[in-house]
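The values are calculated or read from the model by the stated rules, or taken from the named source; none is laboratory data. As the structure is a prediction and not an experimental result, all values here were calculated from the model. Reconstructed Cβ throughout: ideal geometry from the backbone, glycine too, with neighbour counts over all protein chains shown. To get the accessible areas, we keep the full protein, side chains included, count just its heavy atoms, and leave off ligands, DNA and RNA. Shrake-Rupley method; radii C 1.70, N 1.55, O 1.52, S 1.80 Å.
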Amino acid sequence: MLPFFGGYPDNFWSKDHQDHTTYASWMFSPRAPALPDGFPLLDVEMGGGMASCYAQRVHMEAFDMPSFHLTFLASGSSCLGFYMYHGGNNPHSLLFKHDYPNETLQESSFQPAGAQNPMPSESYDFFAPLGEFGQARPHYHRMRLLHLFLQSFGLWLAPRIASVPSVAPADYTDVATLRFAVRSDEGSGLLFVNNYQRWTSMPAKSNVRFELRSPTAANISTLTIPSPASAALTVPADSFFVLPFRLPLTGDVQLAWATAQVVSQLVTVSVTRETVVLVEVAGLPVELAVLGSANLTVVSHTGPIVSEGDHWVLRNPTLGTTPVLVLRNTLPERTVLVEFVVLPARYTDAVWAPEEFANQRHVVLSENATFVLSNGSSLLVRSPSQADSVTLTVAPVPGPLTLSDGTVLKPTLSGSFGQYTVPRPAGSAGSAPTVHTRLVRAAGPPRTVPTPHGYGQEPTEDEWLAGAAVYEVTLSALPPNSTHTLLHVDYLGDAARFFFGTRLLTDNWYSGYQGQGAMEIGITALSGENDFGPVGSPVTFTLQILPLTRAALQKAVYLPEPYQPPFDARGIALALNSVSVSQMWEATLSLP
């Protein structure tokens, strides 16, 4: 049996009408639970997002999650497991014929026992990195950056011990002292910096220079980042990042330090070429240092490189897909070229590393793809429908790739990468269906929210029928599943439900989200269990919206003030601002 741990940046289950931000989540502190010797610290339930219950409307920002994941990893975790990583849509009851709130399979206030959390009946979106219907959120892309590093170096990092500096913030209210920590062993490890905290403006920190001393190896010299000969750093406001030091590479090559974040490591099957891919931390000047060795020679570099003591230090290189530094490592059994590529910061959330494509890891860059996935022999690309093409930049270069229609795409070489232009597939260029909404019934009087358990109870079916404004929502033409169609509902109110006939498709408690996190309906995702009719024919849905009162927020429902809707003179919020459509197209690229 293994002990497991976790943590959340907030919680919906408190239901006590106050903020529950766990500010300690953004602080570095070596975690030393009572583990038996030899047992790792495994975090299997870290918040990938956070849901809202009816009484406790939690509102998260996208970077609230990856920033605290970084502090947990820095503080000793050897496992990053998330709840939830992908939101979901709850199954319908096989026992009850209707989707009434008191008949749901989801947690609710109407359950006779248990937590009695007043959750939506169908939606379990959780503001997860991947939403209820597979929507990619900004934190999905930012979390991936750390995951890609662990894909390459996780086994190396796992045994490294966490430590914090002697001068550290006293508590979360101290926003002036820089927060950082290291995980290291024998002087080799990672430097974690977190200048981000939920609901807090974290100012930039100037004149920063890190001095790292090994607590376990007195013979290992102090390492200074950046070099003592370089200008001190300014840590940007509201930023978080990870820097390597004394990172071991192929043979005896050592990346002594870098002021850029390591993304991935590519090694050819023959182990004759190693490519280390890093990405610029926005606001930090890029500096790389390698430990000099008699086996090493510098083949090329794109910025000034100087010898400083035992190190070769490269400053302000030209960023992109061309290596900033190439070394030749002459070993007794073979010669290895070790190259370092530093990507501009704009690729921070636009890099993938399909592990299994063509039987080896690749790094793929794309600024206009939503997903780049692999099933082994193929790459699957999805892009917003408005894009006529997608640019993929891939290393190592796999050679020509073939589209499903037989079109062969040849790469254009760009440094160590090959660039492919993937056109929108033929037949997927049709315009999205139009949406027409019609008010069928005006809202009734707002409900007085009861608090039988000491917190606001979600509406009953009778309260929905009596109080909700009802809209008819018609799509001019049902799109094919290849379009990955989503509906986006922009509304003000207490709650909303979306039906096809009498079938509840999804529901939502208003939590102040605009765009990402707001109510969405996955038409394509839901088509597998709902017969919406023939492709190309009109399809009509029903939308219900309950009004929200200022009095409810004062007494029964917690919603942080910055995210509360505007109220009219009567103290009521109720509006349907829009229902819009978004789509994606999909292309598959295969090896010949």
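Each peptide in 476-484, 299-307, 156-164 was scored by the mean count of other Cβ atoms within 10 Å over its residues; highest first, the order is 476-484, 156-164, 299-307.
For the pair Thr448 and Trp156, the difference between a 0.36 nm per residue extended length and the Cα-Cα distance amounts to 99.4 nm.
Using a cut-off of 15 Å between beta-carbons, work out the net charge of the residues near Leu403 (Lys and Arg +1, Asp and Glu -1, Leu403 not included). Net charge in that neighbourhood comes out at 0. Can you pull the percent of region 138-263's accessible area that's carbon plus sulfur, 1.4 Å probe, other chains left in place? Carbon with sulfur: 55 percent of the solvent-accessible area. The angle between the Cα long axis of helix 138-157 and the longest principal axis of the Cα atoms of the chain comes to about 40 degrees, rounded to the nearest 10. Only one residue of Ser166, Val535, Pro36 has its Cα farthest out toward the positive end of the dipole of the chain, where Lys and Arg carry +1 and Asp and Glu -1 on Cβ, and that residue is Ser166. Using the Cβ-Cβ distance between Ala466 and Tyr85 with R0 set to 45 Å, the FRET efficiency works out to roughly 0.70. Across region 39-47, rounded Karplus estimates of 3J(HN,Hα) from the backbone phi angles (6.51 cos²θ - 1.76 cosθ + 1.60, θ = phi - 60°) give 9, x, 8, 10, 9, 9, 9, 9, x Hz, Gly and Pro being marked x. Taking Cβ atoms as reference points and 14 Å as the exclusive limit, the residues near Pro3 contribute a net charge of -2, counting Lys and Arg as +1 and Asp and Glu as -1. Note on Lys555: lysines with a C-alpha under 16 Å away, same-chain residues under 8 apart excluded, are Lys15. The calculated FRET efficiency for the pair Leu331 and Ser201, based on their C-beta separation and a Förster distance of 56 Å, comes to about 0.65. Dividing the Cα radius of gyration of region 195-252 by its Kirkwood radius returns 1.07 for Rg/Rh. Taking amide H positions as modeled 1.01 Å from N, with prolines and chain starts lacking one, the residues under 5 Å from Ser300 and 5 or more places away or on another chain are Val326.
Here's how it looks for Ala168: its modeled amide H is under 5 Å from none belonging to a residue 5 or more places away or on a different chain. How much net charge surrounds Trp509 when only other residues with a Cβ under 9 Å from its Cβ are counted (Lys, Arg +1; Asp, Glu -1)? Value of the local net charge: -2.
Residue-normalised convex hull volume from the C-alpha trace of region 1-157: 151 Å³ per residue. Rolling a 1.4 Å probe over the protein heavy atoms leaves Ser404 with an accessible area of roughly 110 Å². Stretched out straight at 0.36 nm per residue, the stretch from Leu35 to Asp388 would grow longer than its current Cα-Cα span by 121.6 nm. Rounded to whole numbers, the Karplus 3J(HN,Hα) couplings from phi for region 282-290 are 3, x, 9, x, 7, 9, 10, 9, 10 Hz, using 6.51 cos²θ - 1.76 cosθ + 1.60 with θ = phi - 60°, and x at Gly and Pro. Accessible area per residue was computed with a 1.4 Å probe on protein heavy atoms; Leu591 scores about 60 Å².
Residues whose amide H falls under 5 Å from that of His20, counting only those 5 or more places apart or on a different chain, are Asn11, with hydrogens built in the peptide plane. Every pair of different Cα atoms in region 310-356 enters the Kirkwood calculation, which places the hydrodynamic radius at 13.2 Å.
In this structure region 269-324 gives 43 Å² per residue of accessible area when probed at 1.4 Å with all protein chains present. Calculated from the structure at hand, Rg/Rh (Cα atoms, Kirkwood Rh) is found among (1) 1.01; (2) 1.07; (3) 0.98 as (1). Whole-Hz Karplus values for region 474-480 come out as 10, 8, 5, 7, 5, x, x Hz, taken residue by residue from phi with 6.51 cos²θ - 1.76 cosθ + 1.60 and θ = phi - 60°; glycine and proline positions read x. Taking every protein chain into account, the 1.4 Å probe leaves Tyr172 with about 100 Å² of accessible area, to the nearest ten.
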